[in-house]
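The values are calculated or read from the model by the stated rules, or taken from the named source; none is laboratory data. Treat the numbers as computed from the prediction; the structure is a model and nothing was measured. In this analysis, Cβ positions are derived from the backbone assuming ideal geometry, glycine residues included, and neighbour counts consider all displayed protein chains. To get the accessible areas, we keep the full protein, side chains included, count just its heavy atoms, and leave off ligands, DNA and RNA. Shrake-Rupley method; radii C 1.70, N 1.55, O 1.52, S 1.80 Å.
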Amino acid sequence: MTPLYVIRPQPGCDATVRAARDLGLDASAYPIFTIRPLEWQAPPPGSFDALLIGSANALRHGGAALERYCGKPAYAVGASTAAAAGAAGLEVVATGEGGLQQLLTRISPQHRRLLRLAGRERIELAMPEGFELTEREVYASESLAAPTELIERLMAGGVVMLHSSEAAVHFAAECDRHGAPRARLAIAALGPRIAAAVGTGWAAAASVPAPNDQALLALAGRMCQDLARSTT
């Protein structure tokens with residue numbers, strides 16, 4: 001069976017591996033990023049109408065300041081982020097399925113002033129007319145050296161899941177630094193922008209049209225099958 005490598009930060013890495021294994025995939029966790037909190041200035045609760053959350057990491061690492069926002073409406077990019085928002089005491093009013101930009105089309109007119117809690121690396125959003133966006137960086141993703149075991153396994157090939165452009169660039173650099181053969185590795189990316197960031201020369205590179213973890217897992221599964229057929 002073709003191995004599937006998940007390199008995103010914890011705890012998302014283990015969660016993705018569990019979901020992949022539930023689908024019968026030979027998935028392993030090798031996080032080459034870690035998340036650390038950033039100091040940030042929390043706007044007064046009355047200065048915005050609702051929160052916009054693009055990652056559960058914003059809630060895991062936002063710190064005690066988040067307690068000021070208990071009960072505030074929140075828009076979450078996906079189900080796991082929505083669950084984290086609810087656990088943090090926010091009132092989730094909508095959950096997206098295709099990324100933050102698409103979620104903006106569902107913002108209530110009552111919530112024209114939005115506070116976005118985000119990571120240091122993030123996608124720039126185009127706001128609908130009449131809406132205001134305040135942004136705060138509350139966490140950062142720090143790259144780690146790829147572990148020796150991962151590099152050794154990559155030499156034999158497999159499929160790699162990429163969840164961000166930052167991960168794509170770092171993974172490609174680690175492969176090149178250690179001489180891991182791109183031609184034996186297939187890339188399953190959480191969006192076209194991420195697939196472009198990883199560069200060329202891979203056995204295959206494909207992406208889902210919009211950020212959706214279930215769609216990415218399905219894509220990774222198909223790529224595992226395709227890679228297995230091409231090497232037999």
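Would you confirm, using the coordinates I've provided, whether Pro11 is more than 17 Å from Arg120 (Cα to Cα), open to solvent by 40 Å² or more (accessible area, probe 1.4 Å), out of contact with any helix residue (DSSP H, G or I) (no Cβ under 7 Å at 6 or more places or on another chain) and of a type outside the set (Gly, Ala, Ser)? So Pro11 fits the description; yes.
Scoring Leu25 on the criteria (1) open to solvent by 60 Å² or more (accessible area, probe 1.4 Å); (2) touching a Leu at 6+ places or on another chain (Cβ under 8 Å) leaves a single failure, condition (1). Only one entry in Leu185, Leu219, Leu133 is modelled with pLDDT of 95 or more, closer than 30 Å to Pro45 by Cα and not acidic (Asp, Glu), namely Leu133. Restricting segment 141-151 to residues that are more than 13 Å from the chain's Cα centre (by Cα) and over 20 Å from Leu25 (Cβ atoms), the residue that is most open to solvent (accessible area, probe 1.4 Å) is Thr148.
Looking across Ala195, Ala180, Ala168, one residue alone is out of contact with any strand residue (DSSP E or B) (no Cβ under 8 Å at 6 or more places or on another chain) and either loosely packed, with under 14 Cβ neighbours inside 10 Å or not hydroxyl-bearing (Ser, Thr, Tyr) (or both). It is Ala180.
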